[in-house]
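Here is the structure we will look at, set down as structure tokens.
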Amino acid sequence: MIYEQRAPETPAGPETASDAPPWRPAESPLADPNVAIGPADRYVAIDRVDGPLATLAVAPWPTVEPTTGRLDFGPRDQRATVTVPVDALQARVDADRLSADQLLRPIRPSDVFLVSGFGEEPAGWQGVLDVTRAGRLAAKASLYATAAPAPHPDELEAYNLEPRILEEPTGPAPDAAAGGVPDGAGPGGEADGEGPETPPSGPVAYPAV
Amino acid sequence: MARPDPLPAARLTNGEDFLAAADDADLVYFLCNVGDADAQLVLLPRAPASGFRRAVVVDAGKVDKVPSLIDDLITAGIIAPDNHPEAAGSLALVVASHPHKDHVEGMAELIDAYPGGRIAEFWDPGYWHTIDAYHDMMAAIARQAQIVYAQPTSGFRRWIGSAAITVLSPSVQLRNRFDTYGTELNDSSISLRIEAPAIRVVRDAGGQRMVRPRASRLVLGADAQTLSWSYVLTDFPYLAASTTEQARLLDVGSGVDVLRADVFKVSHHGSKHGVNLELVERMRPAVTLISSVPEQGRYGFPHDIAQALIREALESTTSGGTRSIDARLRIFYTADRDDSPASRPLGTIGVVLRRGERQVWRFGDQPDDAVDLGAGRRWLELP
């Protein structure tokens, strides 16, 4: 018998996948189902920064795969890798961060944006929405869902957790002026939920991704 | 960098059979030509009781390149076919060195191409990345529950048949900083040393004795940069050989440099941050390989500084003397071309390693081409 780390995930068939809802990142205007996400909107992640150049991984805005909850980026032929000057990217991102009342900060690899009117020149983008926190949480969920099996409902009961996890960690309010918004993960890279200063009481959960 | 000097076409054979050149006990390494990306495959020695070899894949930076090579190796009878009992686990290990797109873009397709237990184990450094290819890769692993998923750090050792694989990086100190942005993504890279045959124990009626065969050693540097290599140099110190009677009586394990390599795949396509002089001096590779595009490409790799220090490590000019050309130092690039009027691309590099000796082969493919195993041309070393 072969020991299996987890049960295999079976994605929905194509007929179901075509009806999959778009990903609506928590804590963003996109969480409102009335906010339209257009077919031309793009998921843009900063793959790497090499000196003055940023490499962007560009894909159609993902849907949420109905049976696994994973992000599905669609056909490969609609994806691209684009290299842009860091300065131009920073300027374009900052412009919309200001208007959206988002924190101004240097761009970093793994930052995620919804871009409307994407083209190879950032200055020409129609709109940019920073959804980095939700994007990183989704990437972490992607890893942990692969590494270990999803909990059985009985386990959730034993952990005193609701199957649908929506509450935020209950740490002290982040001090944006002192260095930005902590993302809630522990310093060891584990999603153990320790807050930045005071550990929250009781079970710790994350927003749905 | 300047375009690599053309290699003399007269030093490349025609009509030799690459597959026939490798004995069962040889280690065979492919550095695929995927442009400004990485894709590698290692064929482990065939066990005498087995009809086939097992393979290790390190990175798939381009869709189709590695699956195409694997399919050809299956067709050629090197790797077990689908309906054979030895097909299970024949891709003994797949490694995504780190989740930059130029290393994992083809990973999901690779995993999906081989369902049913052919892939035994998958490693990545545990650095979550937000790009689409990372999500695709994780979903593909999740679809095959029999694949053992692991995140090794430096010092981890895994034996597969007669081969020993040592993880050189990342240091656990680097991994513990992944989620704080404290580690640059390149420095999360899994770099490996693959040695075959490893130390063995012979057992017979007289008892057991340990034998250390003359092994072949690969060091695959992924995209590890200065910080990561600094931990490697600390974690794997060279312990000078002790010749005292006390050391002999204690069988002290000194005088072996774990970083010595017959073949070194230079990290980060020859980025100036990818290697340093002391590191290459420690490795003293007989063959040094760089995955690159012909003329700088998107990022200016390989960098002049990296090339210069690799050359200096292989041939010190501190006391004067003229610098040898790269081919004489056995520095090869996937972007190499020959000096024929047609300036033919030399493409994917194959190395057959046997007890520390090695043959270098070239397959003539461009980044978007499949590797044609029948097109292999053996490099004849310069006189």
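Each reported figure results from applying straightforward, stated rules to the coordinates on display, with no laboratory input. Every value quoted in this text rests on a predicted model; they were computed, and no experiment measured them. Note that each Cβ is placed from the backbone with ideal geometry, even for glycine, and that neighbours are counted across all protein chains shown.
How would B:Glu245, B:Glu195, A:Glu155, B:Glu105 line up from fewest to most surrounding beta-carbon atoms within 10 angstrom?
So the ranking, lowest neighbour count to highest, is B:Glu245, A:Glu155, B:Glu195, B:Glu105.
Rounded, prolate or oblate, given the Cα gyration tensor of the range A:1-82, with a/c below 1.5 counting as rounded?
Numbers: a/c = 1.94, a/b = 1.26, b/c = 1.55.
Oblate, since a/c reaches 1.5 and b/c is not below a/b.
If you take every DSSP beta bridge whose two residues both sit in the protein assembly as shown, what share of them, in percent to the nearest 5, is antiparallel? Walk me through the numbers before you get to the answer.
Details: 68 of 89 bridges.
In the protein assembly as shown, approximately 75 percent of DSSP beta bridges are antiparallel ones.
Is the shape of the range B:78-133 rounded, prolate or oblate, going by the alpha carbon gyration tensor and its root eigenvalues a ≥ b ≥ c, with a/c under 1.5 for rounded and a/b larger than b/c for prolate?
The shape class here is prolate.
When the chain is fully extended, how far beyond the present Cα-Cα distance does B:Asp5 get from B:Ala308, taking 0.36 nm per residue of separation?
Extra length available between B:Asp5 and B:Ala308 comes to 107.6 nm.
Applying 1/(1 + (r/R0)^6) with R0 = 22 Å to the Cβ-Cβ distance of B:Ser50 and B:Arg209, what FRET efficiency is obtained, to the nearest 0.05?
0.35
How would B:Ser188, B:Ser267, B:Ser343, A:Ser28 line up from fewest to most surrounding beta-carbon atoms within 10 angstrom?
On the way: B:Ser188 27, B:Ser267 30, B:Ser343 11, A:Ser28 19.
By the 10 Å Cβ count, ascending, the order reads B:Ser343, A:Ser28, B:Ser188, B:Ser267.
Given Cα pairs under 8 Å that are at least 6 residues apart, what percent is the relative contact order of chain B?
About 20 percent, as a whole number.
Quick query: amide H of B:Phe122 versus all other amide H atoms, modeled in the peptide plane; which residues come in under 5 Å with a sequence gap of 5 or more or a different chain?
Amide H to amide H, under 5 Å and 5 or more residues apart or across chains, B:Phe122 pairs with B:Val94, B:Val148, B:Tyr149, B:Ala150.
If you bin every alpha carbon distance in the range B:256-383 into 5 Å steps from zero, what whole percent lands in each bin?
Reading the bins upward from 0: 2, 10, 19, 23, 21, 16, 7, 2, 1, 0.
Separation between the B:Leu233 and B:Ser316 pseudo-spin-labels, each 7 Å from Cα along Cα→Cβ, expressed in nm?
That separation, rounded to one decimal, is 1.5 nm.
Rank the residues A:Asp50, B:Asp102 as a footprinting-exposure proxy: fewest other Cβ atoms within 10 Å of their Cβ go first.
A:Asp50, B:Asp102
What Rg and what Dmax come out for chain B when only alpha-carbon atoms are used, in angstroms?
20.3, 64
For the protein assembly as shown, what is the mean residue ellipticity at 222 nm derived from helices alone (per DSSP H run of n ≥ 4: -39500 (n - 2.57); sum divided by total residues; nearest 500 deg cm²/dmol)?
Calculated mean residue ellipticity at 222 nm is -5500 deg cm²/dmol.
How far is it, in nm, from the label point at B:Thr243 to the one at A:Asn34 when both lie 7 Å from their Cα along the line to the Cβ?
A separation of 8.6 nm, rounded to one decimal place.
What translational diffusion coefficient, in µm²/s and rounded to a whole number, does the Stokes-Einstein relation yield for the protein assembly as shown at 20 °C and a viscosity of 1.002 mPa s, taking the hydrodynamic radius as the Kirkwood radius over Cα pairs?
In µm²/s, the coefficient rounds to 84.
Can you give the FRET efficiency to the nearest 0.05 for B:Ser324 and B:Glu278, using r as the Cβ-Cβ distance and R₀ = 30 Å? Mind showing how you got there, number by number?
Numbers: r = 21 Å, r/R0 = 0.70.
Efficiency, from the Cβ-Cβ distance: 0.90.
Tell me, what ³J(HN,Hα) does each residue in the range B:226-242 have, in order and in whole Hz, if you take phi through Karplus 6.51 cos²θ - 1.76 cosθ + 1.60 with θ = phi - 60° and put x for Gly and Pro?
Here the 3J(HN,Hα) series is 3, 4, 5, 5, 5, 5, 4, 5, 7, 6, 10, x, 7, 9, 4, 5, 9 Hz.
Quick check: convex hull over the Cα atoms of the range B:77-203, volume per residue in Å³, rounded to an integer?
128 Å³
How high is the relative contact order of the range B:179-337, in percent, counting Cα pairs under 8 Å that sit 6 or more residues apart? Intermediate results must be reported in sequence, preceding the final value.
Working: 259 pairs, mean separation 29.5, N = 159.
Relative contact order of the range B:179-337: 19 percent.
Enumerate the lysines that B:Lys265 could reach by cross-link, defined here as Cα to Cα under 27 Å, with residues fewer than 8 away along the same chain left out.
B:Lys62, B:Lys65, B:Lys101
Translational diffusion coefficient, Stokes-Einstein: compute it for the range B:283-345 using the Kirkwood radius over C-alpha pairs as Rh, at 10 °C and 1.306 mPa s, and state it as an integer in µm² s⁻¹.
Translational diffusion coefficient: 122 µm²/s.
Give me the log10 of I(q) over I(0) for the range B:247-303 at q = 0.29 Å⁻¹, as the Debye formula computes it from C-alpha points; what are the numbers?
Each listed q maps to, in turn, -1.13.
Nearest-5 percent of antiparallel DSSP beta bridges in chain B?
Given both bridge residues lie in chain B, the antiparallel proportion sits at roughly 65 percent.
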